[in-house]
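The values are calculated or read from the model by the stated rules, or taken from the named source; none is laboratory data. What you see is a predicted model; the values in this text were computed from it and never measured. In this analysis, Cβ positions are derived from the backbone assuming ideal geometry, glycine residues included, and neighbour counts consider all displayed protein chains.
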Amino acid sequence: MWTVYLVLNKRSPVEANAEIDGLTVNVQIDSSQVVVHGIAAADSDKACKKAVSVANQFLNTLSYKYGTDLDLQPETYSAEHASRSGKKEVIVKPAPASIGLSVRATVVKRDASGNIIEVGDSQKLGKIDARPSDAAAYYRHAHLTDDPFGRFRDLYNVVENIADRIRTTRGLTKEALKQSYQLGDQSFLQLALDECFANNQQALIKAANNVFTLDTNQPVIPQVAGILYKAYRCQLNHSKASENKKVPFNPQDEKEVQTALPLMDLVARSLLGYEETRLA
């Protein structure tokens, strides 16, 4: 069995662990490594490949559920193999230095009378449920870049990925979905918002009002879908000179995208929660 130590791009601000595909994955506070235990593999390269897969699934969950955005250093790891005879083999690939720490917080829960009933450490997450999700990978990738255009595109990919899962769960073809909304590709966003926010729109309204002025006489979800799709998703993907577009290094365009990111992030995180509870 192999134990693989994968190197992070910075020190972890949290302590957490998970069981994924029969393997144990964990990270400690202030550690620059993710450790994966119990890998059956013919050699260290195959063990590392499996470790990277489950570690990324683990890190995706830390990102969208707990706001901890960590990345793996490529081609950098150490692996330890213990044979049945007790002989150990250790393979090390040198790791660069790690940097960065986050603020630690204590979470205190009180009852109705104000008495403390539980004290939690925001850095000690314990065992987490890390399920496979392509959408969660897009979310973590979004938070590993400082480019507002790239972040928005990745967050929109979260939405489209989960929207397509909702569509297939409903047994709809892409053509049937578009026909039902009469909105073309915007139908995917509209479907996702309808499913996720139909019964609770307050957070969506609050975030949307920071981006544009909602018409209180019109339904909220179609307005949000229209703005995110037409003014951002399309304009970030268009480069034709004759079409409306948002251009890199244009201060106004970059400011507008930056302003829309909290709304897009709320939509993406909410849908990831929907995916975990409703599409499992």
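Listed here are the residues, each with its yes/no results for (1) within 29 Å of Thr61 (Cβ to Cβ); (2) among the hydroxyl-bearing types (Ser, Thr, Tyr); (3) in contact with a strand residue (DSSP E or B) (Cβ under 9 Å, 6 or more places away or on another chain).
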| site | (1), (2), (3) |
| --- | --- |
| Gln123 | yes, no, yes |
| Glu160 | yes, no, no |
| Tyr181 | no, yes, no |
| Gln190 | yes, no, no |
| Phe212 | no, no, no |
| Tyr229 | yes, yes, no |
| Cys234 | no, no, no |
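Against the conditions (1) buried (at least 17 other Cβ atoms within 10 Å of the Cβ); (2) at pLDDT 90 or above; (3) more than 20 Å from the chain's Cα centre (by Cα), Gly22 satisfies every one except (1).
Within the range 131-151, none of the residues are under 18 Å from Cys234 (Cα atoms) and hydroxyl-bearing (Ser, Thr, Tyr).
Gln28 falls short on exactly one of the conditions (1) without any contact (Cβ under 8 Å) to a residue 40 or more places away in the chain; (2) surrounded by fewer than 22 Cβ atoms within 10 Å (Cβ to Cβ); (3) more than 30 Å from Leu266 (Cα to Cα), and that condition is (3). The C-beta contact set for the range 194-207 (first residue closer than 14 Å to Gly273 by Cα, second residue of a type in the set (A, V, I, L, M, F, W, C), distance under 7 angstrom, 6+ apart or interchain) comprises Glu195/Ile166; Cys196/Leu271; Phe197/Leu204; Phe197/Ile221.
Of all residues in the range 119-172, those satisfying the criterion of being more than 16 Å from the chain's Cα centre (by Cα), closer than 26 Å to Ile20 by Cβ, assigned by TED's automatic domain parsing to the domain that holds Asp194 and surrounded by fewer than 16 Cβ atoms within 10 Å (Cβ to Cβ) are Thr168, Thr169. Filtered by the rule that a residue be assigned to a loop (DSSP other than H, G, I, E, B) and at pLDDT 90 or above, the range 66-92 gives Gly67, Thr68, Asp69, Leu70, Asp71. At least 2 residues being in contact with a Leu (Cβ under 8 Å, 6 or more places away or on another chain) and either under 18 Å from Leu183 (Cβ atoms) or in the same structural domain as Arg167 (by TED's automatic domain parsing) (or both) is the threshold, and among the helices (runs of 4 or more DSSP H) wholly inside the range 196-280 those reaching it are 202-209, 220-226, 251-278. Take the conditions closer than 30 Å to Glu254 by Cβ, outside any helix (DSSP H, G or I), at pLDDT below 95 and not charged (D, E, K, R) and apply them to Gly184. Does it pass? It is true that Gly184 is closer than 30 Å to Glu254 by Cβ, outside any helix (DSSP H, G or I), at pLDDT below 95 and not charged (D, E, K, R).
Tell me which of these Ser63 doesn't satisfy, since it passes every other one: (1) of a type in the set (Ser, Thr, Tyr); (2) assigned to a strand (DSSP E or B); (3) in contact with a helix residue (DSSP H, G or I) (Cβ under 6 Å, 6 or more places away or on another chain). Against the list (1) of a type in the set (Ser, Thr, Tyr); (2) assigned to a strand (DSSP E or B); (3) in contact with a helix residue (DSSP H, G or I) (Cβ under 6 Å, 6 or more places away or on another chain), Ser63 comes up short only on (2). Within the range 68-92, residues that are farther than 22 Å from Ala130 by Cβ sit with their Cβ atoms under 8 Å from residues that are modelled with pLDDT under 85 and polar (S, T, N, Q), at 6+ positions apart or across chains, in these pairs: Glu89/Ser83.
Of the listed requirements (1) within 20 Å of the chain's Cα centre (by Cα); (2) modelled with pLDDT under 95; (3) assigned to a strand (DSSP E or B), Val4 misses just one: (1).
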